[in-house]
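First, the structure itself, so that you have it in front of you.
The values are calculated or read from the model by the stated rules, or taken from the named source; none is laboratory data. Computed from a predicted structure; not experimentally measured. Note that each Cβ is placed from the backbone with ideal geometry, even for glycine, and that neighbours are counted across all protein chains shown. Accessible surface is based on the protein model in full, side chains and every heavy atom, while ligands, DNA and RNA are left aside. Shrake-Rupley method; radii C 1.70, N 1.55, O 1.52, S 1.80 Å.
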Amino acid sequence: MSVVLVTGSYDHEIRFWEAWSGICSRTIARSGESGQVNRLAISPDKRLLAAAIHKKVNIYDIASASSTPLVTFEGHTLNVTSVSFHSEGKWLVTGSEDGTIKIWDLRSTHLHRNYDNGAPVNDVCVHPNQGELISCDQAGCIKQWDLSENLCSHELAPAGDVPIRSVSLASDGSCLVAGNNKGKCYVWKINEEKSSLPRYQAVTKFGAHKKYLTRVLLSPDVKYLATCSADTTVKIWSISQDYEFKQEKVLQGHQRWVWDCAFSADSAYLVTASSDHTARLWEMASGETVRQYNGHHKAAVCCALHDGAG
């Protein structure tokens with residue numbers, strides 16, 4: 001599969017789509033199993049799909065037609081809010097409303113490590129150097145967790161106790177963007193640990209949306225930032241060399257909250273998932289919808305796209 005496009009919904013279904021035709025090619029129905037799908041992630045080699053479903057994470061074989069997971073990771077006691085693969089695909093990182101971040105071994109299927117964040121975790125991303133995790137939480141904190149030292153090495157609280165909803169790291173490790181519940185975005189330049197400058201150097205902040213912000217995502221080429229919101233829009237911001245963020249486009253078409261988004265590998269397209277039951281594929285250059293994915297019976301709340309090299 002050259003393009004893997006997946007959506008998850010409150011209807012409990014996970015759907016695979018043919019990106020260009022808009023046809024649903026496979027549905028994981030999960031009959032007899034309760035729990036809404038919160039987040040999705042595709043492994044770097046395109047072999048596995050990780051689906052955060054209520055308190056657990058199911059790992060599915062993308063090439064198989066089976067709806068039975070290869071393995072299920074259980075251990076979180078509340079909703080799993082984030083899931084991501086380590087670059088080599090040996091580890092899975094999860095964050096949860098139970099206040100923990102867990103690292104799972106995909107080979108042995110055991111829990112490898114547990115970090116106690118204290119407050120409910122809203123999002124976690126893996127640093128491109130693969131040695132650190134960045135999390136954000138309901139208490140308004142952003143933390144860097146060192147995998148080698150097994151501890152929290154840096155902490156940021158840009159807006160006091162206003163919950164931080166989403167974090168995104170540049171693919172080249174150059175900057176960090178965070179978005180909070182009030183629609184504000186905060187940006188830090190990331191300096192080398194060896195340098196005399198602070199590891200996270202605040203460079204700018206701006207109001208992205210007047211309503212609740214659900215997701216911030218930097219494009220793979222680090223030229224754009226996408227912000228999703230309860231205001232039904234996705235905004236695209238261009239990023240200058242000196243970290244000036246300028247609103248370039250407003251992607252309009254969804255009828256309700258936009259929950260999640262994913263960029264294509266070349267940063268030319270964006271997929272979005274919305275409470276209006278649909279997902280959309282947008283062309284970045286024009287800001288237009290080029291495909292709509294219809295099939296979910298309730299809110300589509302998460303999406304994942306992998307169209308790069310496997």
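Just to be sure I understand the filter: pairs with C-beta atoms under 6 Å, separated by 6 or more residues or on different chains, first member in region 162-174 and open to solvent by less than 30 Å² (accessible area, probe 1.4 Å), second member among the basic types (Lys, Arg). Which pairs pass?
Going by the 6 Å Cβ cut-off, the qualifying pairs are Val162/Lys182; Ser166/Arg215.
How many residues are in a strand (DSSP E or B), open to solvent by 10 Å² or more (accessible area, probe 1.4 Å) and either within 22 Å of Arg26 (Cβ to Cβ) or free of Cβ contacts under 8 Å to residues at least 12 places away in the same chain (or both) when one looks only at region 84-103?
Residues flagged as in a strand (DSSP E or B), open to solvent by 10 Å² or more (accessible area, probe 1.4 Å) and either within 22 Å of Arg26 (Cβ to Cβ) or free of Cβ contacts under 8 Å to residues at least 12 places away in the same chain (or both) within region 84-103 amount to 1.
Tally the residues that are open to solvent by 30 Å² or more (accessible area, probe 1.4 Å) and not hydroxyl-bearing (Ser, Thr, Tyr), restricting the search to region 182-203. Full working, then the answer.
Pass one, region 182-203, residues open to solvent by 30 Å² or more (accessible area, probe 1.4 Å): 182, 184, 189, 192-198, 201-203.
Pick out the ones that are also not hydroxyl-bearing (Ser, Thr, Tyr) and you get 182, 184, 189, 192-194, 197-198, 201-203.
Number satisfying all stated conditions: 11.
For region 129-161, how many residues meet the condition of being part of a loop (DSSP other than H, G, I, E, B), open to solvent by less than 50 Å² (accessible area, probe 1.4 Å), of a type outside the set (A, V, I, L, M, F, W, C) and in contact with a Gly (Cβ under 7 Å, 6 or more places away or on another chain)?
2
Pairs only if they're at least six apart or on different chains, beta carbon under 6 angstrom, first in region 253-277 and closer than 18 Å to Ser171 by Cα, second at pLDDT below 95; list them, first residue then second.
Matching pairs, first to second residue: Ser264/Asp307; Ala265/Asp307; Ala265/Gly308.
Given the criterion of a type in the set (A, V, I, L, M, F, W, C) and either open to solvent by 30 Å² or more (accessible area, probe 1.4 Å) or assigned to a loop (DSSP other than H, G, I, E, B) (or both), identify the matching residue among Ala52, Ala65, Ala41.
Ala65 is the lone residue from the list that is of a type in the set (A, V, I, L, M, F, W, C) and either open to solvent by 30 Å² or more (accessible area, probe 1.4 Å) or assigned to a loop (DSSP other than H, G, I, E, B) (or both).
Within region 58-98, work out how many residues are more than 21 Å from Asp260 (Cα to Cα) and either charged (D, E, K, R) or under 18 Å from the mean Cα position of the chain (by Cα) (or both). Break it down into steps so the answer makes sense when it comes.
Taking region 58-98 and keeping what is more than 21 Å from Asp260 (Cα to Cα), we get 61, 63-77, 87-91, 98.
If we keep only those that are either charged (D, E, K, R) or under 18 Å from the mean Cα position of the chain (by Cα) (or both) too, we end up with 61, 74, 87-91, 98.
Looking only at that region, the number is 8.
Another question about this same structure. Which one is nearest to the chain's Cα centre (by Cα), of the residues in region 216-237 that are open to solvent by 20 Å² or more (accessible area, probe 1.4 Å) and closer than 23 Å to Pro128 by Cα? Don't jump to the end; show me each part of the working.
Within region 216-237, the first condition is being open to solvent by 20 Å² or more (accessible area, probe 1.4 Å), and the residues that meet it are 217, 220-224, 231-232, 235.
Remaining after also requiring closer than 23 Å to Pro128 by Cα: 217, 220-224.
On the way: Leu217: 7, Pro220: 13, Asp221: 17, Val222: 16, Lys223: 18, Tyr224: 16 Å.
Here the residue is Leu217.
Separate question: Every residue in region 239-262 that is out of contact with any Phe, Trp or Tyr (no Cβ under 7 Å at 6 or more places or on another chain), buried (at least 19 other Cβ atoms within 10 Å of the Cβ) and assigned to a strand (DSSP E or B), please.
Lys249, Val258, Trp259, Asp260, Cys261, Ala262
Cβ-Cβ below 9 Å, separation at least six or inter-chain, first residue in region 32-43 and within 13 Å of Ile59 (Cα to Cα) and touching a residue at least 12 places away in the same chain (Cβ under 8 Å), second hydroxyl-bearing (Ser, Thr, Tyr) and open to solvent by 40 Å² or more (accessible area, probe 1.4 Å): which pairs?
Going by the 9 Å Cβ cut-off, the qualifying pairs are Val37/Tyr10.
Are any residues in region 105-124 of a type outside the set (Asp, Glu), open to solvent by less than 20 Å² (accessible area, probe 1.4 Å) and within 18 Å of the chain's Cα centre (by Cα), and if so, which ones?
Listed by number, the residues that qualify are Val121, Asn122, Val124.
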